[in-house]
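Let me begin by presenting the structure, written as structure tokens, before commenting on it.
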């Protein structure tokens, strides 16, 4: 390798290492500051500043969905440790139902969450319908607890 | 010189590259179309509907291969840019710059199909979560490379300057890939994993892998096609180009 190429290689290498180090630091810093959502137990622990607009994330508690007049709906979001009642007036996404992961944007009103937008979070599992039904049946037959209901191919 | 570096130098010479890519291009395009057609048919017709999203999930057969390609194209571009900046090999400069528009196209398709799927499934076209934002940054990096390359008059200088930008931007690639693990995102985690079991049924996985193969071949086909015309353009004064032009019986006005 000629000296010029060697010099270029070292320079480019050094710049890349510096860029990688800078990015790592930014990512580490964002890890603490960049919060896409809060879970109900985090809200109950007082991690959210008063009056702030934020996102709440968790699972729709089974049997908690109450539909009011026209598009008004209320449900409980749970993360297993804490529950939070969410009120919403608008169109829900297709995937919204019991035990679905949802993310709602809004703010606290008293001790319940008033949402302006409700999004459904999809998981990374893709299963044909008949396979899912067969697994569901087998789970019920063998009394597998509800947490294991999620099909895994 | 050993055989590998000999081969490398031979392939790196513009006339050989031109002839080889002219030979390969039609075959690669044909293979990509054929495999893509089979993959699309398998994905859209043969694969069963999902238990949760029914038929709407079928957009993954476009979305996921394009998303993989958006990262793959960037790595390919950055690797060639690295060779171009350090060793000043002309073909690497051309290959790096040829892959930028192709990669940008794959990124745009990824963002577009993601938005179309996101509206009915999530309930929104767009959200500023880590995965979506970093993928958008990836698109801007591609556009920046293309823009910088077009802004400088001298082709070789332009390729090295834009290649330098491409090299720095490589730090975004792991961020895109790992964003769903590092942060709480609306976007779901990886379905297909190289390590450990994939979270997709085999009947849905094989059309997806076919589509991934088709998009890879398409990428190389269009990069070679673009590079071939750039090689001709940049070498237009050289003897071998004159020979090719004369052999084809084309007279310059």
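Just so you know, all these numbers are worked out from the coordinates, no wet-lab data involved. Because the structure is predicted, anything quoted here is derived from the model rather than measured. A quick note on method: Cβ atoms are made from the backbone with ideal geometry, for glycine too, and the neighbour counts reach across all protein chains shown.
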Report task. Confirm whether residue B:169 is within 20 Å of residue B:82 (Cα to Cα) and within 14 Å of another protein chain (Cβ to nearest Cβ). Result -> yes
Requested in this report: Look through the stretch B:39-55, keep the residues that are in contact with a helix residue (DSSP H, G or I) (Cβ under 6 Å, 6 or more places away or on another chain) and more than 7 Å from every other protein chain (Cβ to nearest Cβ), and return whichever of them is surrounded by the fewest Cβ atoms within 10 Å (Cβ to Cβ).
Outcome: B:44
Report task. Take residue A:13 and decide whether it is within 11 Å of chain B (Cβ to nearest Cβ) and under 29 Å from residue A:85 (Cα atoms). Result -> no
Query raised in the report: Are any of the residues in the stretch A:51-69 out of contact with any strand residue (DSSP E or B) (no Cβ under 8 Å at 6 or more places or on another chain) and either closer than 26 Å to residue B:75 by Cβ or free of Cβ contacts under 8 Å to residues at least 12 places away in the same chain (or both)?
Result: yes
